[in-house]
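The values are calculated or read from the model by the stated rules, or taken from the named source; none is laboratory data. Please read these numbers as outputs of a predicted model, since none were measured by experiment. Cβ placement follows ideal geometry from the backbone for every residue including glycine, while neighbour counts extend to all protein chains displayed. Surface accessibility is based on the protein's heavy atoms, side chains included, excluding ligands, DNA and RNA. Shrake-Rupley method; radii C 1.70, N 1.55, O 1.52, S 1.80 Å.
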Amino acid sequence: MSAKTQLPIPTHFDSAKVGEVWRVPYQDRAKEAASWARQHELQSAVDDKTKICLLAIDVQNTFCIPGFELFVGGRSGMGAVEDNVRLCEFIYRNLGVISEIAPTMDTHTATQIFHAVFWVNQAGEHPPAMTMISLADVEQGVWQVNPAIAHGVVQMDYAALQNYALHYVRKLDSVGKYPLTIWPYHSMLGGVGHALVSAFEEACFFHNLARQSQTNLEIKGSNPLTENYSVLQPEVLEDQEKRAIAQKNTQFLQKLLKFDAIAIAGQAKSHCVAWTIDDLLTEIQATDPALASKVYLLEDCSSPVVVPGVVDFTEQGESAFQRFAEAGMHLVKSTDPIEAWVGLNLT
């Protein structure tokens with residue numbers, strides 16, 4: 001597919017509504033997708049000779065809609081909305097060659113280790129959102145596990161859970177991870193924030209019907225005892241007794257690596273996107289470093305976490321993407337014709 005043969009954007013797509021929440025008219029889009037497939041002679045994805053997966057990380061209201069809990073504004077202030085306009089247009093233009101779309105979904109309940117209710121200080125107060133809990137904080141008792149939540153979170157008594165919390169922050173510190181961050185309550189299972197961005201969901205549904213390719217939703221982040229930035233594995237896998245508390249997402253990893261190309265977009269560039277790519281690269285380098293050439297990073301469809309006057313992770317996001325490129329992955333724009341992607345053969 002060349003720039004000349006990229007598909008037009010369907011008339012139902014309205015870029016002005018990408019930053020809003022609304023109901024996708026499924027029946028209308030299903031009819032239009034069938035008609036679109038006939039008009040543009042689209043084959044079923046199962047018949048694609050070159051299999052391309054779009055891995056779309058956490059394109060959810062909680063991160064992508066202004067006013068929601070963890071809107072990723074980037075330095076422009078509207079980063080995730082601008083990214084998703086480009087992402088939706090990328091899907092529509094390349095509908096005929098994207099074989100599968102795999103959106104990840106950050107999925108939480110209230111009582112998890114990175115939410116305020118999990119922790120208290122000596123006065124019984126919960127940490128404010130965006131508090132960084134360090135190893136020293138837990139060692140010195142600045143922040144302790146909330147005794148009221150111990151039994152309800154896991155079958156673990158309070159002393160054991162407190163010991164686990166110390167082990168958790170010690171583990172993060174020992175491997176150079178970000179300190180434990182107390183995030184605002186977000187991506188709450190069953191809530192509006194958890195849902196996919198409406199315009200993106202519509203694009204996925206349209207692709208699903210036009211190409212007869214089931215959208216592959218991947219859930220992450222529901223384990224109460226660990227953060228889970230990456231869809232491929234949580235931050236911590238074992239407790240203080242070296243018993244497994246979570247597992248790597250090996251099945252999904254193996255599925256991804258069977259594609260001829262993996263395009264990656266989503267939020268946030270500095271956190272869940274970078275962590276996922278980093279885990280993917282680690283597995284690739286342990287298996288076959290040449291597989292890195294399969295990966296194409298849509299650098300104009302991701303933004304870093306920026307809270308003006310508080311934190312700015314722009315440089316960390318850029319540094320991570322540069323490291324991925326040096327390892328053999330490709331930095332591309334959503335507007336680049338896919339056939340021009342280095343190493344990819346669509347003929």
For this session: Determine, yes or no, whether Cys301 is closer than 18 Å to Leu54 by Cβ, touching a Gly at 6+ places or on another chain (Cβ under 9 Å) and modelled with pLDDT under 95.
Result: no
Exercise. Is there any pair with a first residue in the range 270-287 that is in contact (Cβ under 8 Å) with a residue 60 or more places away in the chain and a second that is part of a helix (DSSP H, G or I) and surrounded by 24 or more Cβ atoms within 10 Å (Cβ to Cβ) whose Cβ atoms are under 9 Å apart and which are 6 or more apart or on different chains, and what are they?
Worked result: Cys272/Phe63
Exercise. Can you pull out the residues in the range 316-347 that are open to solvent by 70 Å² or more (accessible area, probe 1.4 Å) and assigned to a helix (DSSP H, G or I)?
Worked result: Gln316, Glu318, Ser319, Gln322, Arg323, Glu326, Glu339
For this session: Kindly list the number of the only condition in (1) of a type outside the set (Gly, Ala, Ser); (2) in a helix (DSSP H, G or I); (3) under 22 Å from the mean Cα position of the chain (by Cα) that fails for Tyr229.
Result: (2)
Problem set entry | Residue list for the range 172-195, filter: part of a helix (DSSP H, G or I), modelled with pLDDT of 95 or more and open to solvent by 40 Å² or more (accessible area, probe 1.4 Å) | Val192
Exercise. What number of residues in the range 251-286 are more than 9 Å from Ser230 (Cβ to Cβ) and out of contact with any helix residue (DSSP H, G or I) (no Cβ under 9 Å at 6 or more places or on another chain)?
Worked result: 7
Seminar exercise, completed: Reported set for the range 114-126 where residues are over 19 Å from the mean Cα position of the chain (by Cα) and surrounded by 21 or more Cβ atoms within 10 Å (Cβ to Cβ) is Phe118, Trp119
Exercise. Of the residues that make up the range 143-150, is at least one part of a helix (DSSP H, G or I) and in contact (Cβ under 8 Å) with a residue 40 or more places away in the chain?
Worked result: no
Exercise. Within the set of pairs 6+ apart or on separate chains, which have a first residue in the range 111-132 that is touching a residue at least 60 places away in the same chain (Cβ under 8 Å), a second that is open to solvent by 80 Å² or more (accessible area, probe 1.4 Å) and among the aliphatic types (A, V, I, L, M), and C-beta atoms under 7 Å apart?
Worked result: Met130/Val310
Problem set entry | Scan of the range 264-290 for residues that are crowded, with 18+ Cβ neighbours inside 10 Å, among the hydrophobic types (A, V, I, L, M, F, W, C) and assigned to a helix (DSSP H, G or I), ordered by number | Cys272, Val273, Ala274, Trp275, Ile277, Leu280, Leu281, Ile284
For this session: Please list, ordered by first then second residue, the pairs with beta carbon atoms under 7 Å, 6 or more apart or interchain, first in the range 1-20 and modelled with pLDDT under 95, second acidic (Asp, Glu) and surrounded by 13 or more Cβ atoms within 10 Å (Cβ to Cβ).
Result: Met1/Glu339; Ser2/Glu339
Exercise. Is it the case that Gly309 is of a type in the set (Gly, Ala, Ser) and surrounded by fewer than 23 Cβ atoms within 10 Å (Cβ to Cβ)?
Worked result: yes
Exercise. Does Ser213 qualify as being modelled with pLDDT of 95 or more and either of a type in the set (S, T, N, Q) or part of a loop (DSSP other than H, G, I, E, B) (or both)?
Worked result: yes
